[in-house]
């Protein structure tokens, strides 16, 4: 009994240290610059534009991730096909490589010197240094998170529920729409929220592909290198607050889930 | 009707192999088999939810081998119900219904209409099974497949639900295939029994015939026969006698000499405390009682005879009247016609 208590106390102490390490810098940052950041929202037009740009591009990247990611997640959850393990491994790739490297890779693929980049340019679509570049960078680093979460959401829906719907006269698509989708909806929304949060916080890939126009993470870096810590702090605090919005939404969603299960 | 001819299917490492049986139109078929024998897989293949890899499946006269699940007109009820958790009980019942009045009537017959406003998550296991039954029947399917549909119900509600299913089956002439572990259920409900093990049909036919004349000792043992002996038949003075060690049993009919198994159901054996008067029963044994056990409403009495054990079943009333104790001498009697050779 005494031994298990000691293990519990040791685990709690180690956990507390890690949690403090994770929370303290963010709390310190918001405490130091939160009010100043809020005030800057009125006076700093560049920060306002940057926040709007970040939110819009992250939303676009999330929608694209959902559009392509949901069918892929469904395939991975429901169909056994040759190369499924390879597809899953490929999806992990963007999460494993350093994000500036991801930016360089995207630059090679979509830059004006590349076949795709020049083709897009001929269509009037410039990727590098535009919101499209930001969306591409955000999509690259965050889409795997959506696929992974959505795959789990689909896998959690028992396939026999779909089977019963089929025997009750539903076509595969109708069973998906009436049973699978509503039951996976919370998981899909949660995956979307995580994807959006990841897109908002991206810096490494964006800074290579589209330094301008500046998303908030790039603006914070720009202010830090150009004007020092005091100018970077309010921007950084604003980015933290922006990131907290989806986290709060996700928490509320999970609490709703727990209430539904209880 | 359901007709499976050499049906094959594979799910992971498990496979159904050459499954063949017929449930005529309007009949009630019962599938019996141990856990993992492929009973649920068989229902899913018939429903079109699992692909068959071979054989021919005919449903109500149509070749359904390549028919989509939603076109087969089958009502499927799983043991766990698999109700849609995001819908209310009423929405579940109405899910596939085309006639709301009929759906409501079915719900009333199973007592499910009283649960209409309830969330599926708040239902007990038994209530879920009743809602699943109502949901499957509410669309008036052409065939009904039941996978242990009464297992979570308490005895009175189980009897009521069983009666209701049987009544609907008769009223609609609804061909039904019912998976169960319960031999009593199989005997009381079924017109056709299909015995499944390890993905293969061991025997099929009328339940009484399958129970009384199992094709193999394994089938007999699975169906609860307790007196199974390995040995052989010899013809003595024109009569067939089965020998197993020092045990000799008279056998009726045109038995041929050779090795085989003899099966005597415990219910076919009479027990007496004193030597019975001469009768037409050809087999009489005297032995010491080695075991007395209560099994549900019956008692099982075991005696040792010539190095073999024989088990007889008797009612509680008879057991009280005989007042047998371990070590007592008892006399077991059964007719030659009660011996089944396989």
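Keeping to region B:47-58, report how many residues are touching a strand residue (DSSP E or B) at 6+ places or on another chain (Cβ under 6 Å) and either crowded, with 24+ Cβ neighbours inside 10 Å or within 8 Å of chain A (Cβ to nearest Cβ) (or both).
Selection size over region B:47-58: 1.
Residue-by-condition table, conditions (1) closer than 30 Å to residue B:72 by Cβ; (2) touching a strand residue (DSSP E or B) at 6+ places or on another chain (Cβ under 9 Å); (3) within 11 Å of chain B (Cβ to nearest Cβ):
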residue: A:124; (1), (2), (3): no, no, no
residue: A:127; (1), (2), (3): no, no, no
residue: A:133; (1), (2), (3): no, no, no
residue: A:143; (1), (2), (3): no, no, no
residue: A:162; (1), (2), (3): yes, no, yes
residue: A:168; (1), (2), (3): yes, yes, yes
residue: A:173; (1), (2), (3): yes, no, yes
residue: A:185; (1), (2), (3): yes, no, yes
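Quick test for you: out of B:79, B:91, pick the one residue that is without any contact (Cβ under 8 Å) to a residue 12 or more places away in the chain, within 14 Å of chain A (Cβ to nearest Cβ) and either assigned to a helix (DSSP H, G or I) or within 25 Å of residue A:181 (Cα to Cα) (or both).
B:91
Among the residues of region B:180-195, how many are modelled with pLDDT of 90 or more and farther than 19 Å from residue B:58 by Cα?
Residues flagged as modelled with pLDDT of 90 or more and farther than 19 Å from residue B:58 by Cα within region B:180-195 amount to 1.
Can you pull out every residue in region B:64-76 that is closer than 24 Å to residue B:180 by Cβ and either part of a helix (DSSP H, G or I) or more than 10 Å from chain A (Cβ to nearest Cβ) (or both)?
Result: B:64, B:69.
Which residues, taken from region B:23-45, are over 16 Å from the mean Cα position of the chain (by Cα) and more than 14 Å from chain A (Cβ to nearest Cβ)?
B:24, B:25, B:26, listed by residue number.
Given (1) at pLDDT 95 or above; (2) surrounded by 23 or more Cβ atoms within 10 Å (Cβ to Cβ); (3) in contact with a helix residue (DSSP H, G or I) (Cβ under 6 Å, 6 or more places away or on another chain), where does residue B:150 come up short, assuming only one miss?
(1)
One line per residue, one yes/no per condition, for (1) modelled with pLDDT under 95; (2) more than 26 Å from the chain's Cα centre (by Cα); (3) on the phi > 0 side of the Ramachandran plot:
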| residue | (1), (2), (3) |
| --- | --- |
| A:159 | no, yes, no |
| A:175 | no, yes, no |
| A:180 | no, no, no |
| A:184 | no, no, no |
| A:198 | yes, no, no |
| A:207 | no, no, no |
| A:233 | yes, no, no |
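Which residue, of B:193, B:225, is crowded, with 19+ Cβ neighbours inside 10 Å, touching a residue at least 12 places away in the same chain (Cβ under 8 Å) and outside any strand (DSSP E or B)?
The match here is B:225.
Answer yes if at least one residue in region B:199-212 is surrounded by fewer than 18 Cβ atoms within 10 Å (Cβ to Cβ), part of a strand (DSSP E or B) and in contact (Cβ under 8 Å) with a residue 24 or more places away in the chain, and no otherwise.
Scanning region B:199-212 turns up at least one residue that is surrounded by fewer than 18 Cβ atoms within 10 Å (Cβ to Cβ), part of a strand (DSSP E or B) and in contact (Cβ under 8 Å) with a residue 24 or more places away in the chain.
So that you can scan it fast, the table gives a plain yes or no per residue for (1) outside any helix (DSSP H, G or I); (2) in contact with a strand residue (DSSP E or B) (Cβ under 8 Å, 6 or more places away or on another chain); (3) in the same structural domain as residue B:44 (by TED's automatic domain parsing):
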site: B:128; (1), (2), (3): no, no, yes
site: B:132; (1), (2), (3): no, yes, yes
site: B:136; (1), (2), (3): no, yes, yes
site: B:141; (1), (2), (3): yes, yes, yes
site: B:146; (1), (2), (3): yes, yes, yes
site: B:149; (1), (2), (3): yes, yes, yes
site: B:165; (1), (2), (3): no, yes, yes
site: B:169; (1), (2), (3): no, yes, yes
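Would you pick out the residues in region B:62-81 that are on the phi > 0 side of the Ramachandran plot and touching a strand residue (DSSP E or B) at 6+ places or on another chain (Cβ under 9 Å)?
Hit for region B:62-81 is B:73, nothing else.
Residues checked against (1) more than 21 Å from residue A:216 (Cα to Cα); (2) outside any helix (DSSP H, G or I); (3) more than 23 Å from the chain's Cα centre (by Cα):
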site: A:13; (1), (2), (3): yes, no, yes
site: A:19; (1), (2), (3): yes, no, no
site: A:25; (1), (2), (3): no, no, no
site: A:29; (1), (2), (3): no, no, no
site: A:47; (1), (2), (3): no, no, no
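Do any helices (runs of 4 or more DSSP H) entirely within region A:156-262 hold 3 or more residues that are touching a helix residue (DSSP H, G or I) at 6+ places or on another chain (Cβ under 9 Å) and touching a residue at least 60 places away in the same chain (Cβ under 8 Å), and if so, which?
Qualifying helices (runs of 4 or more DSSP H): A:181-200, A:204-209, A:216-227, A:229-261.
Output yes when any residue across region B:12-22 is without any contact (Cβ under 8 Å) to a residue 24 or more places away in the chain, within 11 Å of chain A (Cβ to nearest Cβ) and outside any strand (DSSP E or B), and no when none is.
Checked against the condition, which is being without any contact (Cβ under 8 Å) to a residue 24 or more places away in the chain, within 11 Å of chain A (Cβ to nearest Cβ) and outside any strand (DSSP E or B), region B:12-22 yields at least one hit.
The values are calculated or read from the model by the stated rules, or taken from the named source; none is laboratory data. Worth saying up front: this structure is predicted, and the values here are computed from it rather than measured. Here Cβ is always computed from backbone atoms with ideal geometry, including for glycine, and neighbour counts include all displayed protein chains.
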